[in-house]
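Peer 1: Here it is, the structure in full.
The values are calculated or read from the model by the stated rules, or taken from the named source; none is laboratory data. Remember, predicted model here, so these are calculated numbers, not experimental data. Glycine also receives a Cβ, built like all others from the backbone with ideal geometry; neighbour counts cover every protein chain displayed. Heads up: the accessible areas ignore ligands, DNA and RNA and are worked out on the full protein's heavy atoms, side chains in. Shrake-Rupley method; radii C 1.70, N 1.55, O 1.52, S 1.80 Å.
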Amino acid sequence: MNLLTLALRNIRLNRKKYIMYVFSMGFSIFTVYTFLALMQNNYVKMAFQFDTRYTMILTSFGVIILVFVLFFLISSNNSFIRARKKEISTYSLFGMTNLRIGKLLFLETMLVGTATLAIGIGAGIFFSKLMAMFLLDLCLTNFVGDISFTIDPMAMVVTALLFLIIFCMMGLSALRVIYQFELVDLFKADKISEGKQKGSVAVLILSLILITSGYILASINNSMVVVLGAIPILILVISGTYLFFWGGLPKVLGLIKRNKRVYYGGVNLISVSAVSHRMKSIASVMATIAVLSAVAATAIATGFTLYSNAERNTYSNIGFDLVYYGEKVALQDEMHGVFETNHVNINRKDIVELNEVDPKTESIMIRERKHLSDEDSFRVYSETKYNSLIMASKNNLESVQIPSGKAYYIFPFSQEGIEDAMLGLELDFQDSAVQIMKVIRSNVPGFGLDHTLILNDRDYEVLVRSNEITPSQMNGRTLTATVITYEAALSNKKLNNELEEALTGKVERYRTAYSLYNESMETFGLICFIGFFMSGVFILMTASLLYFKQVMAAEEERHQYKMLRRIGMEDKTERQVIQKRLLPVFFIPLAIGIIHSIFAMKTADTIIFSNMIPVENSYLSVLGFSTVMYLAYAVVYGVFYLITKSQYGRLVRNESH
């Protein structure tokens, strides 16, 4: 029998074990081909205004996915080979050299890999139009789904070459594994104990200290500190995670064994002993899965949160559908003509007088950076004018009522320490003074200035009469802002283009909600799209790796279940043992990964979301969106757990009955 025939026979006999392997690897190939094809898709390139940015993001995440796929495939392949020790020993016993056995396994790897490559690329081609439509629908507010089916030969060639190289590396890795074992070791493989992993209290405590330290750094509300501490945070959390699984979790299992009431309760003795026995071989895998689960959960939660808050972020920045500076009668008529031509109703139009005031105040430093000085001017409103302005806006700001002698201070950015620095601050005028009683974060009323004051109506009038409140000037002219809200502002591209054409060159400057929203959707939609695929690859790969490890363990543990059945273990008890045997292996890494992600999202909130989501506690809002993704992630993991439990039970019962 030649090697090709033998390889095909082995693949046929092990086809059930290969199913999950082929599925997860095929999805990886599909993802890489999809990314490469989208980078070259003319419809996608024409749709994006920023081709370089979109290509760069896709390329970066494609490389990350490839590196992870390489790690997964080599690890899975090595586990698969180790589970076939008896089969390999039989070949050796009948005179096959290690080199020839290595060639056989290499051939199997290439055959399965080539078939999977064809399936993955075929699926990528078949769904290429759907994926392009999905991306454009996520990223473009006016996408109507009118694109053609295309096949990208270059994406096919590059994907095939990349994965053929990976398959070759897997084959060489298999040869290295074979040379590590002697014939006697191979025959006794299922009887050789892995050795007891006792763990250590010191390692357990150290791992918890490292992880907690990383969490504390990640929870700091100073964006500069968090950015500078990003690498230390990663080092602390990742090293702590590996130490926990290497030495901490085995010690926890040891402590459970010492608790006689718990250890001897129900089927705990069998299940805890089984997990403890496997810790040496699976600890690194569980730690890696916990870290990668954190990455995957954070990626998809970040993408989903950004995407879901795109509209809110747009109006927190601009407040209205259209803002332009300056108002002319001729322009006013032209603007109304544009709306009428497009059959769009104007909901509300206001002309805002833009006034400034320059009070005397002490310089304010926040974290050694100048925040406010006498040189800074304030945009200023009476409480009545401010309430009218926010009623016209699409923001969720609340109306105000301010006592005489007090003021509200508005700043556009979220900054730690700003309330402590500004609350109670006195602003001095010629004949009066006001004290700041509340700080609000908003970008809407500033109209170009960072600092905004809201005063009591009577205090405002006093300052107007004393000429301390003056109109803002631009190019020697008094500056006003025209703000408009209208129907379908975020989806009507034709209207937006005509409005911009009418305004260009005729006003000092303008902003439309459509342009800001469309740009946000391009970026956030792309991040959400990539996060979905990256998380999908990570979930499938990590869950498949656990599946392989547990299925291989089931092969080795058959005789133990056979012995237990001989001494009277019932089917119901056996199912409970299997359930408690597999639950920790699947869900401890998942739980730790999600906890890591929760603190990673706190970091993301400090750097990004606190400046993007205009609510008092943006982190709670972020956690709300993230929880949806965590639940989806857990459901997918749960499906893999059920598949593994079913396969594990089937394997151990084959010899048990």
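Peer 1: Helix by helix, which DSSP H runs in the chain go 30 Å or more along their axis at the Cα atoms and have an average Kyte-Doolittle hydropathy of 1.6 or more? Present the calculation step by step, with values, prior to reporting the outcome.
Peer 2: Numbers: long enough: 15-40 (37 Å, 0.79); 51-82 (46 Å, 1.24); 98-126 (41 Å, 1.32); 153-178 (38 Å, 2.24); 268-308 (47 Å, 1.17); 513-566 (73 Å, 0.32); 571-607 (53 Å, 0.52); 618-656 (56 Å, 0.56).
Those that pass (Cα extent of 30 Å or more, hydropathy at least 1.6) are 153-178.
Peer 1: Along its principal axes, what span do the Cα atoms of region 322-512 show, with the longest given first and each in whole Å?
Peer 2: Its Cα atoms span 52, 35, 30 Å along the three principal axes.
Peer 1: If you roll a 1.4 Å probe over the heavy atoms of the protein chains, what accessible area per residue do you get for the chain, in Å²? Could you put the intermediate results ahead of the total?
Peer 2: Values: 30410 Å² over 657 residues.
Spelled out: the 1.4 Å probe surface of the chain, per residue, equals 46 Å².
Peer 1: Only bridges with both residues in the chain count here: give the DSSP antiparallel percent, nearest 5. Numbers along the way, then the final one.
Peer 2: Values: 32 of 43 bridges.
Roughly 75 percent of the DSSP beta bridges within the chain come out antiparallel.
Peer 1: Sort all Cα-Cα distances of region 291-415 into consecutive 5 angstrom bins from zero, then give the percent of pairs in each bin up to the one containing the longest distance.
Peer 2: Computed distribution, short to long bins: 2, 7, 11, 15, 14, 14, 13, 9, 7, 5, 2, 0, 0.
Peer 1: Here is a follow-up. Note the count of lysine pairs whose C-alpha atoms are less than 24 angstrom apart in region 322-512, limited to pairs 8 or more residues apart or on different chains.
Peer 2: So the count works out to 24.
Peer 1: OK, next. Working out 0.36 nm times the residue gap between GLU461 and VAL227, then minus their Cα-Cα distance, what length gain in nm do you get to one decimal?
Peer 2: On the way: separation 234, 0.36 × 234 = 84.24 nm, distance 4.52 nm.
Here the answer is 79.7 nm.
Peer 1: For the chain, build the convex hull from the C-alpha positions and give me its volume per residue in Å³. If you can, show how the numbers build up before the last one.
Peer 2: Working: hull volume 128.4 nm³, N = 657.
Cα convex hull per residue, to the nearest whole number: 195 Å³.
Peer 1: In region 202-296, which chymotrypsin sites (Phe, Trp or Tyr not before Pro) fall in coil by DSSP and have 14 or fewer other Cβ atoms within 10 Å?
Peer 2: Numbers: sites: TYR215, TYR242, PHE244, PHE245, TRP246, TYR263, TYR264; in loops: TYR264.
Of the chymotrypsin sites (Phe, Trp or Tyr not before Pro), the ones in loops of region 202-296 whose Cβ has at most 14 other Cβ atoms within 10 Å are TYR264.
Peer 1: Is it possible to state the helix-based mean residue ellipticity at 222 nm for the chain, with each DSSP H run of 4+ residues giving -39500 (n - 2.57), the sum divided by total residues, to the nearest 500 deg cm²/dmol? What is it? Show your work: numbers first, answer last.
Peer 2: Working: 24 runs with 435 residues, N = 657.
Helix-only estimate at 222 nm: -22500 deg cm²/dmol.
Peer 1: Modelling each spin label as a point 7 Å along the Cα-to-Cβ direction, I'd like the ILE235/ASP137 distance in nm, to one decimal.
Peer 2: Each label point is offset 7 Å from its Cα along the Cβ direction, giving 4.6 nm.
Peer 1: Also: Taking the Cα centroid of region 498-564 and of region 592-656, what is the distance between the two, rounded to the nearest whole Å?
Peer 2: Each part reduced to its Cα centre gives a spacing of 13 Å.
Peer 1: On a C-alpha basis, how far is the centre of region 154-168 from the centre of region 421-461 in Å? Whole number, if you could?
Peer 2: Here the two parts' Cα centres lie 62 Å apart.
Peer 1: ARG348's amide H: which non-local residues (gap 5+, or another chain) put their own amide H closer than 5 Å, with H modeled 1.01 Å from N in plane and none for Pro or chain starts?
Peer 2: Those qualifying (amide H under 5 Å, at least 5 residues apart or on another chain) are THR485.
Peer 1: FRET efficiency for THR627 and ARG258, Cβ-Cβ distance as r, R0 = 25 Å, nearest 0.05?
Peer 2: Working: r = 36 Å, r/R0 = 1.45.
It comes out at approximately 0.10.
Peer 1: With a cut-off of at most 16 other beta carbons within 10 Å, and DSSP calling the residue loop, which GluC sites (Glu not before Pro) in region 330-409 qualify? Please list them. Can you show the working numbers first?
Peer 2: On the way: sites: GLU334, GLU340, GLU353, GLU356, GLU362, GLU368, GLU375, GLU383, GLU398; in loops: GLU362, GLU368, GLU375, GLU398.
Taking region 330-409 and a limit of 16 other Cβ atoms within 10 Å, the loop GluC sites (Glu not before Pro) found are GLU362, GLU368, GLU375, GLU398.
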